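The values are calculated or read from the model by the stated rules, or taken from the named source; none is laboratory data. Note that the structure is a prediction, hence the values are computed from the model and not measured. Ideal geometry is used to build each Cβ from the backbone, glycine not excepted, and the neighbour counts take in all protein chains shown. For accessibility, only protein heavy atoms count, side chains too; no ligands or nucleic acids. Shrake-Rupley method; radii C 1.70, N 1.55, O 1.52, S 1.80 Å.
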Amino acid sequence: QANFGKDLPLPEGVPGGMAAYRQTLAASFLFKFYVGVSLELAESVAVGSGLPAAPSIDAAEASAARSFLSEDRPLTHGSQSYEVPSGGLQHSRAAAEKDHAPADESNRSPVGQPLKHRAALPQCTGEAEYVDDMASTRGTLHSVFVLSEKPHAKIVSIDSAAAQAEPGVVKFFSAADLSEEQNAIGPVFKDEQLFRKEKVTSVGQPIGLVVAETLEAAERAARLVKVVYSDLEPVLTIEDAIRTKSFSDTTFKIEAGDVDAAFALPDTVIIEGEMRMGAQEHFYLETMNALVVPGESDELTVYTSTQTAMKTQKFAAHVCGIPSSKVVCRMKRMGGGFGGKETRTVPISSAVALAAHRLGKPVRTNLDRQDDMLLTGGRHPFLGKYRVGAGPDGKLRALDLTMYTNAGYSRDLTDAIMGRALFHCDNAYRIPNVRGVGYMCITNTVSNTAFRGFGAPQGMLVCESFMEQLAGKLKMRPEELRGKNLYAEEGDITHFLQVMHRCPLRRMWSGLAKSSDFDRRREEVDKFNAANRWRKRGITLLPTKFGISFTVKFLNQGGALVHIYTDGTVLVTHGGTEMGQGLHTKMIQVAARALGGVPLEDVYIKETSTDTVPNTSPTAGSASSDIYGMAILDACEQLMGRLRPYLDSAGGDFKKAVMKAYLDRCDLSAHGFYKTPDIGYDWSVEKYTERGQAFNYFTFGTACTEVEVDVLTGDMRILRVDLLFDVGNSLNPTIDIGQIEGAFTQGVGWSMLEECVWGSSEHPWLKPGTCFTRGPGNYKLPSFNDVPIDLRVTLLEDSANPRAIHSSRAVGEPPLFLGASAFLATRAAIAAARADAGCGDEQFCVDSPLTPERIRMACGDKVAARFSSGLSRPRPSLFC
């Protein structure tokens, strides 16, 4: 092994990167081979055979010969535990003095029943239709984007002559076809351009759109468009932005208590450190697309896979120069969204709308995966720098935190994401004195955007980073430190001055520790680690607290439209969009219950459309069931108020009552509306005490996760996960558990596997600003082998939430952070490996995602140290 550095030299700029890891792996595999062969010889060479004795291998070293690849993986198994509660039903303002008024009924059915997703079968069989499945009418044109190839450059010229001469090409659209005002777009700030005009500020920005009679002709022509650039110096990473002070003009600040006084106390134990987190790609199954059909009098119908029907409508009208009333966005279902389709679909659909409007013909596009991953953005990378103080007893006293995030070339939703990261920098712990500052870095990379969790996971992982470090300084286990600082059930106040009510964290913490048998298993992990030098296990307990509401007040509103037809069937439309999360299924359950127990098969939701429910907020923030459930309840209770005399005369027969009402000229259609009460936090207010209440309520969860790590390769396996989650009185426990399991797995991907690689100073083997991870070949998603061998999910009992529809709690985003329990358990396994390597109690830092490369290089043994010591990046950390 000592000669490997000379025999297998790899420069830092070697194609593919990871030079130190690749050299370390070669030496590690040699050692694995040596140990494995020695053990086999020891079994096969008989004593007295005259052959030399096999090399002696210590029992603890024998684990080096093992490999996850050659071992049979146990079958994945698990359990799902929940009860169907009674009671907790509510009335809307249509049937009571105010929304959320408690109802007397105890029977919730069909609300709360474990019903399957309404579209499960057609989606599994392939019968469900998505935008790309929609048949093209005669004359439909196809479009392909021309994308920038430079991260920062002036556009000297755009020559589309060869492209437009290509057979079948109809037109090339660019900024020249729009006014300055029409070309300016952006979900909050109009700091983007539909088509780049004078300068490009990232690789993958749209420069133009080729429209042709066939997709093949459009693709050929797009490659013929010649763009001449004049290069400018790019800013690519957060570190570049800090060095050049490339920040947004808005800085977020929050402060509670007296941070300096807490640090000044003589017995305060203080630590300092930082935590880096990379980006994450949404990787929804259905890439971004649009089909726009023009009608008479400038009408446009936009079919697209989007979480934001209103913005789709608004910006299609904007770029075409027509009123919003002439544009209808129709959205039946998405093949996944995860936040990636909250804003970034809009430039795609708007460009196609422009082409359809100008040409008077239907136009469609469907991005290839590699283009989707290049131009649509992902989860924001973050850097958190912290100083934390606690008493000798482990009670937290103060946090001084500065966070930086890579917004990319535009602000998109970065302001709200940074705000939520600061809101959640306490995770689930009471910290009496907090000072938090957030900087948004403007760089020459893709514009990052919403992603499940919306900044909260990044803030919480920074928190857990300093909790781990502080526990080491205090000589206590991290779980002990966490348990000491959990929010109490009533009365504790967050650093953004919101009072905690009905907080079950302490009950959940002790309950999960008991049900997961944590203490016994931790002892077994310690014994395993003592007996195995090259295999290590780690186990951890982790809590989470997630605030529910849009932090921008006006978005907390929603409408619904309910029609009852003369045959007694019901059509429900609401402003939320279905992306596989089961929203429509839950809303059907709410409507059926509110209409007196109408059979579920008689209630139908067709699509989301801006001509039925206008001015919709994005389906995001995990708040859609809360908002649209109450809006539907409002509409249904209006209708039941009108139907009551007819139901009485029909003996309770709903269908007969409906016909009686129709014949009596009773209105059988109702519009419902809901706005979340008592919330609204304004970051622009200087006095922190006057900013308002950020969240309607919180959703809580806990996880116990155990992992095993191959120290010599960095490979990791999740052995068992126990999740205890609070969804209040669930609207549908099977759908909620599906959301919990999916979010957990996505959180594992974010914190352990999924690394977005962009050309920068940290990756000199790539052209600056180019994306390497543009498909599943280079971008590693969680697979069947990465799910826990044993996964047990339990829904918390007796936790009704009076501030949401029928006492439920939101579920879409909150569980994601629990996936980071795999990160923390792996960190514990690394700590055990480092102890064996002679690192003692030395503090160490690992960044996210904690990939096999980072695991292996953090283990502290001589082989890893030998190859990493000479590199300029000894702490591998992509953080573009």
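For this structure, a couple of remarks:
- Selection within the stretch 829-846 - over 13 Å from residue 861 (Cα atoms) and either more than 33 Å from the chain's Cα centre (by Cα) or open to solvent by 40 Å² or more (accessible area, probe 1.4 Å) (or both): 841, 842, 843, 845
- Condition check for residue 824: touching a strand residue (DSSP E or B) at 6+ places or on another chain (Cβ under 8 Å), crowded, with 23+ Cβ neighbours inside 10 Å, closer than 19 Å to residue 275 by Cα and modelled with pLDDT of 95 or more: yes
- Those residues of the stretch 340-363 which are among the basic types (Lys, Arg) and farther than 15 Å from residue 450 by Cβ, in sequence order: 358, 361
Listed here are the residues, each with its yes/no results for (1) of a type in the set (A, V, I, L, M, F, W, C); (2) under 28 Å from residue 309 (Cβ atoms); (3) surrounded by fewer than 20 Cβ atoms within 10 Å (Cβ to Cβ).
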residue	(1), (2), (3)
228	yes, no, yes
243	no, no, yes
247	yes, no, yes
258	no, no, yes
263	yes, no, yes
270	yes, no, yes
275	yes, no, no
285	yes, yes, yes
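- Looking across the stretch 406-425, just one residue is surrounded by fewer than 24 Cβ atoms within 10 Å (Cβ to Cβ) and either part of a strand (DSSP E or B) or of a type in the set (Asp, Glu) (or both), and that is 415.
- Residue list for the stretch 324-360, filter: of a type in the set (Lys, Arg) and touching a Gly at 6+ places or on another chain (Cβ under 8 Å): 333, 344
- Search result, residues across the stretch 680-702 that are touching a Phe, Trp or Tyr at 6+ places or on another chain (Cβ under 7 Å), open to solvent by less than 20 Å² (accessible area, probe 1.4 Å), assigned to a loop (DSSP other than H, G, I, E, B) and hydrophobic (A, V, I, L, M, F, W, C): 694
- Residue count for the stretch 743-768, restricted to those that are modelled with pLDDT of 95 or more, open to solvent by 10 Å² or more (accessible area, probe 1.4 Å) and in contact with a helix residue (DSSP H, G or I) (Cβ under 8 Å, 6 or more places away or on another chain): 3
- Contact map, the stretch 764-791: first residue more than 30 Å from residue 231 (Cβ to Cβ), second residue exposed (fewer than 14 other Cβ atoms within 10 Å of the Cβ) and not charged (D, E, K, R), Cβ cut-off under 7 Å, separation 6 or more or different chains; pairs are 787/76; 789/74; 789/76; 790/77.
To keep it simple, each residue is scored yes or no on (1) within 29 Å of the chain's Cα centre (by Cα); (2) modelled with pLDDT of 95 or more; (3) farther than 19 Å from residue 572 by Cα; (4) open to solvent by 10 Å² or more (accessible area, probe 1.4 Å).
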position: 615; (1), (2), (3), (4): yes, yes, no, yes
position: 621; (1), (2), (3), (4): yes, no, yes, yes
position: 626; (1), (2), (3), (4): yes, yes, no, yes
position: 631; (1), (2), (3), (4): yes, yes, no, no
position: 638; (1), (2), (3), (4): no, yes, no, yes
position: 642; (1), (2), (3), (4): no, yes, no, yes
position: 649; (1), (2), (3), (4): no, yes, yes, yes
position: 652; (1), (2), (3), (4): no, yes, yes, yes
position: 660; (1), (2), (3), (4): no, yes, yes, yes
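- Residue ID - most open to solvent (accessible area, probe 1.4 Å), chosen from residues in the stretch 122-148 that are under 24 Å from residue 374 (Cα atoms) and assigned to a loop (DSSP other than H, G, I, E, B): 130
- Matching option when the condition is of a type in the set (Lys, Arg) and in contact with a Pro (Cβ under 7 Å, 6 or more places away or on another chain), among 385, 311, 395, 341: 311
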